[in-house]
Amino acid sequence: MKSINEQQSFGLTPSEIQVLEMVRSKRFLSIKVIIKNGEVDAIEGLERLDTGERIIDMLKQHDFQNLEIKQSNGRVVCVNRIFRKKIYPVAKTKSC
C-alpha cells in the first residue's frame with residue numbers, strides 16, 4: 001500500500017481510499033456508496049458467507065448488518081450479508 005502522502009498526491013480522500021480498498025479486496029458481490037452533502041457518509045458491502053458458520057457467530061461480526069439466510073430441504077444453502085461502515089470525516093487541522 002502506498003504511503004499517505006502518495007495517496008494524497010493523487011487527490012484521494014480517506015473515504016475514497018476506503019472504497020477502493022473494498023473494491024480491491026474482491027470479497028464483495030456489490031458495494032454501495034452513500035453520499036450526504038457531497039461527501040461519502042457510509043459504505044455498504046454485500047458478501048456471501050460460508051454456510052457452515054454458526055448464525056450467532058455471524059451476528060457478532062459487525063455492529064450494523066443485514067443477514068439473508070436461504071434454506072432448502074432443511075439445509076442452509078446461502079447466506080448473504082450486507083454490512084454498513086460509517087465514514088467519519090477527517091478533522092481539518094492547521095498545518096505548521
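Each reported figure results from applying straightforward, stated rules to the coordinates on display, with no laboratory input. Here the structure is a predicted model, which is why all the values come from computation and not from measurement. When we count neighbours, we look across all protein chains shown, and the Cβ atoms used for this are built from the backbone with ideal geometry, even at glycine.
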Exercise. Could you tally the net charge around residue 15, taking each other residue with its Cβ under 9 Å from the Cβ of residue 15, Lys/Arg +1 and Asp/Glu -1?
Key: -3
Quiz item: Using the Karplus equation 6.51 cos²θ - 1.76 cosθ + 1.60 (θ = phi - 60°), what ³J(HN,Hα) coupling, rounded to whole Hz, does each residue of the stretch 57-70 give in order, writing x for Gly and Pro?
Solution: 5, 5, 5, 7, 6, 9, 6, 10, 7, 10, 10, 10, 10, 10
